[in-house]
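Notes to accompany the following structure.
What follows draws every value from the coordinates through simple rules; no lab data is involved. Remember, it's a predicted structure, so these values are computed and weren't measured experimentally. Glycine also receives a Cβ, built like all others from the backbone with ideal geometry; neighbour counts cover every protein chain displayed.
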Amino acid sequence: MADPNQETHGPRRRRPFKGLLAVSFGLLFIAFYVALIATHDGSRSNDEGIDETETITSRARLAGVSEKRNDGLWKLSGDRNTPAFEWNNSMLSWQRTAFHFQPEQNWMNDPNGPLFYKGWYHFFYQYNPNAAVWGDIVWGHAVSRDLIHWVHLPIAMVADQWYDSNGVWTGSATFLPDGSIVMLYTGSTDKAVQVQNLAYPEDPNDPLLLKWVKFPGNPVLVPPPGILPKDFRDPTTAWKTSEGKWRITIGSKLNKTGISLVYDTIDFKTYEKLDTLLHRVPNTGMWECVDFYPVSKTAGNGLDTSVNGPAVKHIVKASMDDTRFDHYAVGTYFDSNGTWIPDDPTIDVGMSASLRYDYGKFYASKSFYDQNKGRRVLWSWIGESDSEASDVQKGWSSLQGIPRTVVFDTKTGKNLVQWPVEEIKSLRLSSKQFDLEVGPGSVVPVDVGSAAQLDIEAEFEINKESLEKILGNASVVAEAEEFSCEKSGGSTVRGALGPFGFSVLATESLSEQTPVYFYVAKGTDSELKTFFCTDTSRSSVANDVVKPIYGSIVPVLKGEKLTMRILVDHSIVEAFGQGGRTCITSRVYPTTAIYGAAKLFLFNNALDATVTASFTVWQMNSAFIHPYSDEAVRALSRT
Amino acid sequence: MKMMMMMKVMMMVMVMVMVMVMVSEGSIIEQTCKETQDFNLCVSLLNSDPRGSSADTSGLALILIDKIKGLTTKTLNEINGLYKKRPELKRALDECSRRYKTILNADVPEAIEAISKGVPKFGEDGVIDAGVEASVCEGGFKGKSPLTSLTKSMQKISNVTRAIVRMLL
């Protein structure tokens, strides 16, 4: 390597040259490294240690699948030549409900910390005090004696600490053996990290629990290693382990696998994270609002969250961020290591075929054990399906579903059954009873007077002759395997044995209507399958609202008649099939089927079958949900 | 002399390698935009913002929401100008004004807060709604809209932004 020309300068000249080479290679190496770091940083956010390309492909697939799912929902009906529908205040103000929980104004989302204490049912909720869209979230609060008649209370918790300054988010309550309450909730910190915080009532002697104190040592939990700072929220009610500790679970995700983390604690202040997960299901995305509770296999009452034993199954429920569906599965809990496995892994939590509490607009649901009446009660956030411009104009957005009891279906052994709490019957006013035979292709007006606030309980029977004729007729094609409420065209598509049911919030001319119906179809095994659907596609002529057809198969056991219950309350319709085996909540925004023009119809769109309908329709009173005042509280306490 | 040349060659090779590495990786933007329905639009919007080259997926979503905000303001200005030029369109313009103000005052702040705080689903709602409001405004002109190209831009940007926000779920 020595340059003969330089030899005259002596050996001193060689070392600097080699040095320069070494330095150059060194610089090159550093340049490589720096370039690699600089360009990888941006993509590190979600894919630690996972092959970048693989993740992007699966993201794309999921994004594509999920997009298609929601895409149809948001395509505006009509082309761009369809005139925009102009909402007026009369139409918008009709949409407000009479007996569903909603704040006086602005935005609401998830139910939080429901509980019963010193004679009062407490309900907390995600609330935006400033706008009719999500944001600036604090905990709203209301109380009731019966889960139906509510008084609003002042805001329970605001975003006033560094550990929740970006949001006081969802949480759950746990009762300690001495009857005191601890509340765990998610805070979004000043750096937008999701952490868990502890709070408790300032004055346990105040039955209204007006004021809450945050534990000065908050946060009690921060995202553990391997969990991203924005994938850690919605702690559950705690349950006792056989070792006498308290245990909670918190939903999260690892890449696209939905998971539920488990923590044990003695004092709700320090926690040990278990190495095991309660459960995990690949490709389900982030699990929000996880709920975990026992149900009795044999009895119709609810169980305290800590109950365990051979006569008990455990439910794992999660709200799927990707699809906005709540899914649950029935399974077995192993207390020794805090794990749970589903009875049927083919319909595991979050899989598209897995069970849902509700096949309509229903999310972020949360249950609590009501020790007052020994039942488990389910709350759920029912969002709007209209445009945000309408929400801003009307000044509010979102409802809660009517609280439902939840029990295990002892007859099918495979699913839960939900039913509106019985206290709702106190709203029933006058009623009319009907027994009608409805031939194929008929629509029958049901004269009940005002039809925007109704409770309908109905029993249907398909004429035996029609049934036998159709089942025996080989030319009647099996269609049950192909049918779905969502994709089979809605209530105007006529089959041999359906659709039949009620059309609610309908105009005289049926220019707007919301059919709730059964569709009975023959399967390839010649057995009948029954579907329960709500068709909102013609609920409104407005083109800036979402109008899907919702529903699912409903199990019907031998000898059972077909039954449905429908609660109509202005812009919300809640439908319960077969005693609550399949439930559908819909939001509808009619433009003319409002006020006195809203009517009720019974219909049978089947081609061949005659159907007998026996039903009662009640007018429903308002729940008169009151703004906060001492007087309103006193009035309720007397009930 | 030879040493100087070797050094120059070293430097050139170093620079070439750095550039190659940067160009091939470079596109966090390109990789992200590949997963949207309008690659070219996505890339041009993100490249036009200086934050684009160093942003993560959240950051890219926020840049696009900024573009939505900018387009909304531009459209509102256009609407204001049209009142004088096309007074016969007042009713439709009023509706459009209301719709675009919703995007500016409700959808955009909601989306920014949701994405920054890691609850992207509310961001998705806001972004979808921006497209809905634009479409409804367009429909008000019954086929004779003076805002069609702005509407189309909003619909396209809304779709692309939504695809990126969904990557955060």
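Computed from the alpha carbon atoms alone, the convex hull of segment B:42-94 holds 89 Å³ per residue.
Multiplying the sequence separation of residue A:616 and residue A:459 by 0.36 nm and subtracting their Cα-Cα distance, what value in nm do you get?
Details: separation 157, 0.36 × 157 = 56.52 nm, distance 0.94 nm.
Working it through step by step, the gained length comes to 55.6 nm.
If the chain linking residue A:272 and residue A:180 were pulled fully straight, counting 0.36 nm for each residue of separation and taking away their Cα-Cα distance, it would gain 30.9 nm. Legend note: in the protein assembly as shown, cysteines whose Cβ sits 4.7 Å or more from every other cysteine Cβ are A:289, A:583. Shielding of peptide B:135-147 by partners, expressed as the average count of other chain Cβ atoms within 10 Å per residue Cβ, is 5.
Normalised by residue number, the volume inside the convex hull of the Cα atoms of segment A:592-639 is 153 Å³ per residue.
The radius of gyration of the Cα set in segment B:1-95, together with its Dmax, comes out at 23.0, 80 angstrom. Taking every residue in B:116-128 and counting other chain Cβ atoms within 10 Å of its Cβ, the average works out to 6. About the centre of its Cα atoms, chain A shows a dipole size close to 900 debye [charges on the beta carbon of Lys, Arg (+1) and Asp, Glu (-1) only; nearest 20 debye].
Let me check I have the definition right: for the protein assembly as shown, take the eigenvalues of the Cα gyration tensor, multiply each by 5, take square roots. What are those semi-axes in whole Å, largest first?
Numbers: eigenvalues 520, 229, 153 Å².
They are 51, 34, 28 Å, listed largest first.
Projected label points at residue A:255 and residue A:450, each 7 Å from Cα along the beta carbon direction, are separated by 5.8 nanometres. For segment A:160-170, 3J(HN,Hα) computed residue by residue from phi via the Karplus equation (6.51, -1.76, 1.60; θ = phi - 60°) reads 10, 10, 4, 8, 9, 5, 9, x, 9, 9, 5 Hz, glycine and proline entered as x.
How large is the Kirkwood hydrodynamic radius of chain B, counting all unique pairs of alpha carbons, in Å? The partial results should precede the final answer.
On the way: mean 1/r = 0.0563 Å⁻¹.
Evaluated over chain B, this radius sits at 17.8 Å.
Modelled spin-label separation between residue A:372 and residue A:425, with each label point placed 7 Å from Cα along the Cα-to-Cβ direction: 1.7 nm.
Approximating the spin labels as points 7 Å out from Cα along Cα→Cβ, the residue A:158-to-residue A:86 distance works out to 4.1 nm. Using 0.36 nm per residue and subtracting the Cα-Cα separation, the extra length available between residue A:335 and residue A:308 on full extension is 8.8 nm.
Taking one quarter of the surface of the C-alpha convex hull of segment A:464-512 gives a mean projected area of 4.8 nm². To the nearest Å, what is the center-to-center distance of segment B:79-125 and segment A:378-442, using C-alpha atoms only? Centre-to-centre (Cα) distance: 33 Å. Once backbone amide H atoms are built at 1.01 Å from N, residue A:316 has A:329, A:331 as its partners under 5 Å, excluding neighbours fewer than 5 places away on the same chain.
What's the FRET efficiency of residue B:30 with residue B:73 using the Cβ-Cβ distance as r and R₀ = 25 Å, to the nearest 0.05?
Working: r = 28 Å, r/R0 = 1.13.
Result of the calculation: an efficiency of 0.30.
Between residue B:91 and residue B:7, the FRET efficiency from the beta-carbon distance, with R0 = 51 Å, is close to 0.10. Each of A:540, A:327, B:145 was placed along the dipole of the protein assembly as shown (beta-carbon charges, centred on the mean Cα), and the one lying farthest toward the positive end is B:145. Amide H contacts of residue A:157: A:139, each under 5 Å away and 5 or more positions distant or on a separate chain (H built 1.01 Å from N in the peptide plane; Pro and chain starts excluded).
If R0 is 45 Å, what FRET efficiency do you get for residue A:634 and residue B:40 from their C-beta distance, rounded to 0.05? So the FRET efficiency works out to roughly 0.10.
Normalised radius of gyration (Cα atoms, divided by 2.2 N^0.38 Å) for segment A:438-534: 1.17. Per the Debye formula on identical point scatterers at the alpha carbon atoms of segment A:122-236, with no solvent, log10 I(q)/I(0) at q = 0.11, 0.16, 0.17, 0.22 Å⁻¹ is -0.36, -0.75, -0.84, -1.29. Inter-chain neighbour count for B:54-63: the average number of beta-carbon atoms from partner chains within 10 Å of each residue's beta-carbon is 2. Counting every C-alpha pair in segment A:483-639, the share spaced more than 24 angstrom apart comes to 39%.
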